[in-house]
1. Among (1) out of contact with any Cys (no Cβ under 6 Å at 6 or more places or on another chain); (2) of a type outside the set (A, V, I, L, M); (3) touching a residue at least 40 places away in the same chain (Cβ under 8 Å), which single condition is TRP18 missing?
2. From GLN57, GLN82, GLN62, GLN74, which residue is closer than 29 Å to ALA137 by Cα, over 13 Å from the mean Cα position of the chain (by Cα) and either basic (Lys, Arg) or not in a loop (DSSP other than H, G, I, E, B) (or both)?
3. Pick out, from region 98-189, the helices (runs of 4 or more DSSP H) lying fully within it that include 1 or more residues that are hydrophobic (A, V, I, L, M, F, W, C) and within 26 Å of SER79 (Cβ to Cβ).
4. Output the residues belonging to region 57-83 that are in contact with a Phe, Trp or Tyr (Cβ under 9 Å, 6 or more places away or on another chain) and either surrounded by 15 or more Cβ atoms within 10 Å (Cβ to Cβ) or farther than 26 Å from LYS150 by Cα (or both).
5. CYS41 is checked against (1) in contact with a helix residue (DSSP H, G or I) (Cβ under 6 Å, 6 or more places away or on another chain); (2) assigned to a loop (DSSP other than H, G, I, E, B) and fails just one. What number does that condition carry?
6. Looking only at region 36-56, filter to residues that are free of Cβ contacts under 8 Å to residues at least 60 places away in the same chain and of a type outside the set (A, V, I, L, M, F, W, C); which one of those is least open to solvent (accessible area, probe 1.4 Å)?
7. LYS150: closer than 23 Å to GLY49 by Cα, open to solvent by 70 Å² or more (accessible area, probe 1.4 Å) and not acidic (Asp, Glu), yes or no?
Amino acid sequence: MVDCVIPAAGLSSRMGAWKPMLAYCDSTLLDVAIEHALVFCSRVIVVAGYRADELVQRYQHQPHILVVVNPDYQQGMLSSIQKGIAAVTSSRFFITHADMPCIDPQVFTLLSQMRHGRVVFPGNKQQTGHPVLIDAALIPRILALPITVKMKQVLQTGEEQYLQLDATSGIYHDIDTPEKYQQLLRTCK
């Protein structure tokens with residue numbers, strides 16, 4: 001039983017279009033990210049903000065998907081992560097992003113097999129990647145953070161582990177510009 005938090009609350013300003021519902025391989029970016037997480041995870045917690053009503057309505061009848069709304073989403077990613085992890089009920093949980101549909105679902109399994117360390121990254125110290133596996137014991141510390149802090153400051157304390165996976169596993173492939181989106185679409189044809 002492992003939860004996965006997927007922030008999908010932002011304005012998608014660099015993309016110029018709302019990323020969660022952009023078409024991808026007969027689905028959407030967010031749907032594919034959720035589908036990949038649910039291969040291993042028992043529940044996905046989607047954090048909505050901008051256009052939240054659409055996500056609430058889309059997933060309201062799916063028992064393995066919980067949508068929580070962050071009314072303060074314009075304060076940044078950390079505010080959405082805090083809102084999402086407040087709903088976590090598992091002893092460890094993942095965080096990944098709505099604009100990362102290329103993560104190999106096997107990555108979740110590989111991360112979960114690591115039993116040491118409170119935080120496990122799929123990449124390396126310089127390029128950490130997603131998803132990240134976090135011990136729920138860190139939730140109170142993350143919830144207490146001021147929103148000006150970056151999550152990595154809390155997660156990279158010297159006690160974390162790195163799987164050293166390469167880019168082919170999709171752990172670095174976020175779709176945040178129109179150019180990256182067009183490249184992604186070419187892979188579906």
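1. The failed condition is (3).
2. From the options GLN57, GLN82, GLN62, GLN74, the qualifying one is GLN74.
3. Per the criteria, 106-112, 139-143, 151-155.
4. ILE65, LEU66, VAL67, TYR73, SER79, SER80, LYS83
5. Of the numbered conditions (1) in contact with a helix residue (DSSP H, G or I) (Cβ under 6 Å, 6 or more places away or on another chain); (2) assigned to a loop (DSSP other than H, G, I, E, B), the odd one out for CYS41 is (1).
6. GLY49
7. The answer is yes for LYS150.
The values are calculated or read from the model by the stated rules, or taken from the named source; none is laboratory data. Since this is a predicted model, take the numbers as computed values, not measurements. All Cβ positions, glycine included, derive from the backbone under ideal geometry; neighbour counts span all protein chains shown. Protein only, heavy atoms only, side chains kept; ligands, DNA and RNA dropped before computing areas. Shrake-Rupley method; radii C 1.70, N 1.55, O 1.52, S 1.80 Å.
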